[in-house]
1. Across 5 Å bins from the origin, how do the percents of Cα pairs in segment 42-234 run, short distances first?
2. With a Förster radius of 56 Å, plug the Cβ-Cβ distance of SER302 and THR81 into 1/(1 + (r/R0)^6) and report the FRET value to the nearest 0.05.
3. So, by mean Cβ neighbours within 10 angstrom, what's the order for 184-193, 58-67, 91-100 with the highest one leading?
4. Estimate the FRET efficiency between ALA35 and LEU234 by the formula 1/(1 + (r/R0)^6), using the beta-carbon distance for r and 22 Å for R0, to the nearest 0.05.
5. Stretch LYS324-PHE355 to full length: gain in nm at 0.36 nm per residue minus the Cα-Cα span?
6. For segment 42-234, calculate the relative contact order in percent as a whole number, restricting contacts to Cα pairs under 8 Å that are 6 or more residues apart.
7. For segment 34-136, rounded, prolate or oblate, judged on the Cα gyration tensor with a ≥ b ≥ c (square roots of eigenvalues), a/c < 1.5 rounded, else prolate if a/b > b/c?
8. Hey, rough spin-label estimate for ASN150 and SER103, points 7 angstrom out along Cα→Cβ, what's it come to in nanometres?
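What follows draws every value from the coordinates through simple rules; no lab data is involved. As the structure is a computational prediction, the values presented were derived from the model and not from experiment. With ideal geometry, Cβ positions are generated from the backbone for all residues, glycine too; neighbour counts draw on all protein chains shown.
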Amino acid sequence: MDFDSRSVTQLTSWTIVILFLLSFLSFPSTDAYDALDPTGNITIKWDVINWTPDGYVAVVTMFNFQQYRHIQAPGWTLGWTWAKKEVIWSMVGGQTTEQGDCSKYKGNIPHCCQKRPIVVDLLPGTPYNQQIANCCKGGVINSWAQDPANAASSFQVSVGAAGTTNKTVKVPKNFTLRAPGPGYTCGPAKIVKPTQFVSSDGRRVTQAMNKGNLPNFNLMTVTWNVTCTYSQFLAQKTPTCCVSLSSFYNDTIVPCPTCTCGCQNNKTQPGSCVDPKSPYLASVVSGSTSKNSYTPLVQCTSHMCPIRIHWHVKLNYKDYWRVKVTITNFNYKMNYTLWNIVAQHPNFDNLTQLFSFNYKPLNPYQSINDTAMLWGVKFYNDLLMQAGPLGNVQSELLFRKDARTFTFDKGWAFPRRIYFNGDNCVMPPPDSYPFLPNTSPRKDFSLLTLLLTLLLSLTLSCAHA
């Protein structure tokens, strides 16, 4: 069959369009946008506060502007690449993991000579002469909504071989942030308005861009911002949590989908999960530390998730209804400090009472209050213990009914979405949700059985007559 040139051109055009569309289907997106926290990010602010004969002194601060995603132990790790041949003479509030080759320096040896330094926070209990404000928390940074007073981490760095004019001082590049594993992507450093620093007594304000004793210095600004955003797809290959459901009006418990976070494969990969009935459980757990400490060691379950969140519709009153939420830790490697969950449900605008959890509405859609952040009460249940008898926390939520919207029909009583520590949890498929008895297929089946029984009885009666 012959094609003219126009047909060939159209065919080629359609082929390109189809391949373009297929490219979106074939490769998962690494977009870091979160609909429940659209402006959430970690901002790294680099403030030059003083000048030295061969460089400068800077305060580097990481602000966690994410509403519910925090950095937990063992904490953050920050890296960058020097634009020239800079060295770090000294640090306060942080340290580099390696010194590097400083053999060319005699006498006064720099703290770090690496082209790409890797910095970590100092631990609690560090001597005061090695501390600055917001340092020395082991790299732990709380989320903005949960604890804004502890949502920042800082260290001070004295940089040498950097130059002393605006034409010789160069911005570091290729910033990387691990918190503690992968997941964050950092953009380039951008010049911003100088940061202002308020003294401890609140009576004096200074700002970055102090010229010191360099009268010829002509630098417009010396504050740089780096923005880092999180992607769950980049952080881990499999989900980290799942949701199960149950209700008082149906005896069916909807479990987490099978193999949600992986499948049991102890035959091919021994030790990938732990049987809680195993007599060797204690020895397996105590020896579970490996080079990759971020890989969870989970209890053998059908879903294989480190975290399961169970939403149970518990009671129904005349004007209220009650939900019980249970969070269970199946990870033998991790005690979750500062844990939180974010749940999306249309009745959160009528939340009346909450037992043993803290609550804050997030309102990502401004006037629509359907998203709640829940976390533990300090010194009571703010620590979610590792897998075992104590590895769960729970609370109950009391909602007021709104006659215009309230219903138990079609899964309305269950959440639309649940996050744990900022990661989206896998929900059961909607057609598996517990159903009301009056719409139950079981009832329809029973009615059909009754009709067939009556028909059979009538047939037998007529036969005997």
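1. Percent of Cα pairs in each bin: 1, 8, 15, 20, 21, 17, 11, 5, 2, 0, 0.
2. Numbers: r = 45 Å, r/R0 = 0.81.
FRET efficiency, SER302 to THR81: 0.80.
3. Working: 184-193: 15.2, 58-67: 22.1, 91-100: 18.1.
Top to bottom by mean Cβ count within 10 Å: 58-67, 91-100, 184-193.
4. Details: r = 18 Å, r/R0 = 0.80.
Computed FRET efficiency for ALA35 and LEU234: 0.80.
5. 10.2 nm
6. Values: 488 pairs, mean separation 58.1, N = 193.
Contact order relative to length: 30 percent.
7. Details: a/c = 2.05, a/b = 1.77, b/c = 1.16.
Note, shape of segment 34-136 comes out prolate.
8. Label at ASN150, label at SER103, 4.5 nm between them.
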